[in-house]
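**Student:** Supplied in structure tokens, the structure appears directly below.
The values are calculated or read from the model by the stated rules, or taken from the named source; none is laboratory data. The model shown is predicted, which means the values in this text are computed figures rather than measured ones. We place every Cβ from the backbone using ideal geometry, glycine too, and count neighbours over all the protein chains shown.
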Amino acid sequence: MKHIFLGLIAILMMVGCSKDETESDLSETEQWLVGTWNTSEDFTGNSYTYNEDGTAIYENNHNGDITMYEGVWEIIDDNVLIEFYPDSDESYENWQENPTLKSYIEFTDDYTLHTSDFYDNSSTSTKYKECDPCPPRAQEYTINFSGFGSPVEQYPLEITYYFDGENGDLVSATVNSTTNTDIIESNTLTSYDKIGFKYQTSPESQAEINTVEVRDKNDEVIFSSSDLSVDIDQTFIYDISDDSYSIN
């Protein structure tokens, strides 16, 4: 009986130690923040590394010349990030009262962080968590499409735009317009990896879409085709990562 009792104590001690080793004292927001974030989506800009122990490293990248600053960080009020990168003659004492940087933060996803200056909300920036490979990130894409309509009469035109969420499921939004001699439509959507449209109008409109263009947030064309045939009630979907499309 004594051996059984001692065995139970040993097991409980092991479980307790394991729990202490795996649990983090950081809040959920702090856990999301831990890691290295870059001001450029291709990771060639300035970087901020937030360590679990509250230390931080800021690397300023000026045309390939890296200058490193060591400091500390802390989250206050759930969504305010304060950082302190002292000069050689500055002390860490009461640094929270006069931080180098103070920003509101918001995570778009696990790998995208939006910040706005605590004292000036118009001063904003986006940081990207370094990863390899990186999952698709939500960003704005503009889809433009055009084609033919009735040369003699206008008809109501209902357009359903499609874009995907973080889990890959398609989401839709409907816009009402009208046909003309030419159909020219455009919309900017926030999507992860897919963007598309479907249009509905009277068969008498003779409508047909033959040109589709997709631009990224930098206004660069990532897809363009002018020899398509998207008929009424057909769905066009462009897969961004695969650079492919479907018409169904």
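**Student:** Given the options TYR92, TYR48, TYR85, name the one that is surrounded by fewer than 16 Cβ atoms within 10 Å (Cβ to Cβ), at pLDDT 95 or above and not polar (S, T, N, Q).
**Tutor:** Values: TYR48 fails: surrounded by fewer than 16 Cβ atoms within 10 Å (Cβ to Cβ); TYR85 fails: surrounded by fewer than 16 Cβ atoms within 10 Å (Cβ to Cβ).
Answer to the selection: TYR92.
**Student:** Check segment 46-58 and report whether any residue there is without any contact (Cβ under 8 Å) to a residue 24 or more places away in the chain, outside any loop (DSSP other than H, G, I, E, B) and touching a helix residue (DSSP H, G or I) at 6+ places or on another chain (Cβ under 9 Å).
**Tutor:** yes
**Student:** Look at PRO99 and say whether it is over 23 Å from the mean Cα position of the chain (by Cα) and surrounded by 12 or more Cβ atoms within 10 Å (Cβ to Cβ).
**Tutor:** Yes; evaluated as a whole, the condition is true for this residue.
**Student:** Ok, one more. Among residues belonging to segment 221-241 that are among the charged types (D, E, K, R) and on the phi < 0 side of the Ramachandran plot, point out the one that is surrounded by the fewest Cβ atoms within 10 Å (Cβ to Cβ).
**Tutor:** ASP227
**Student:** Scan segment 237-246 and tell me whether some residue there is acidic (Asp, Glu), closer than 24 Å to ARG137 by Cα and part of a strand (DSSP E or B).
**Tutor:** Yes; the residues of segment 237-246 include at least one that is acidic (Asp, Glu), closer than 24 Å to ARG137 by Cα and part of a strand (DSSP E or B).
**Student:** Still on this structure, I have one more. Give me a count of the residues in segment 97-112 that are more than 18 Å from TYR69 (Cβ to Cβ) and at pLDDT 95 or above.
**Tutor:** 4
**Student:** Any idea which residue in segment 110-144 is farthest from TYR192 (Cα to Cα), counting only those that are in a loop (DSSP other than H, G, I, E, B) and touching a residue at least 24 places away in the same chain (Cβ under 8 Å)?
**Tutor:** PHE118
**Student:** Of the conditions (1) free of Cβ contacts under 8 Å to residues at least 60 places away in the same chain; (2) over 19 Å from THR124 (Cα atoms), TRP32 fails just one. Which one is it?
**Tutor:** Status for TRP32: all satisfied but (1).
**Student:** Please go through segment 174-233 and give me each residue that is without any contact (Cβ under 8 Å) to a residue 40 or more places away in the chain and either closer than 14 Å to PHE163 by Cβ or outside the structural domain of THR160 (by TED's automatic domain parsing) (or both), ordered by number.
**Tutor:** THR174, VAL175, LYS198
**Student:** Search segment 185-220 for residues being of a type in the set (Asp, Glu) and surrounded by 14 or more Cβ atoms within 10 Å (Cβ to Cβ), and hand back the single one that is farthest from SER146 (Cα to Cα).
**Tutor:** Looking only at segment 185-220, we keep the residues that are of a type in the set (Asp, Glu), and these are 185, 193, 204, 208, 213, 216, 219-220.
Filter again for surrounded by 14 or more Cβ atoms within 10 Å (Cβ to Cβ), leaving 185, 193, 208, 213, 216.
Working: GLU185: 6, ASP193: 22, GLU208: 8, GLU213: 9, ASP216: 18 Å.
Here the answer is ASP193.
**Student:** Kindly provide the set of residues from segment 39-88 that are closer than 15 Å to LEU113 by Cα and in contact with an Asp or Glu (Cβ under 6 Å, 6 or more places away or on another chain), ordered by number.
**Tutor:** Quick first cut of segment 39-88, residues closer than 15 Å to LEU113 by Cα only: 39-43, 45-50, 75, 78-82.
Result: PHE43, SER47, ILE75, ILE82.
**Student:** Another question, if that's okay. Go over the candidates PRO156, PRO133 one by one and state the one that is surrounded by fewer than 16 Cβ atoms within 10 Å (Cβ to Cβ) and closer than 30 Å to ASN60 by Cβ. Walk me through how you get there before you give the answer.
**Tutor:** On the way: PRO156 fails: closer than 30 Å to ASN60 by Cβ.
One residue alone meets the criteria, PRO133.
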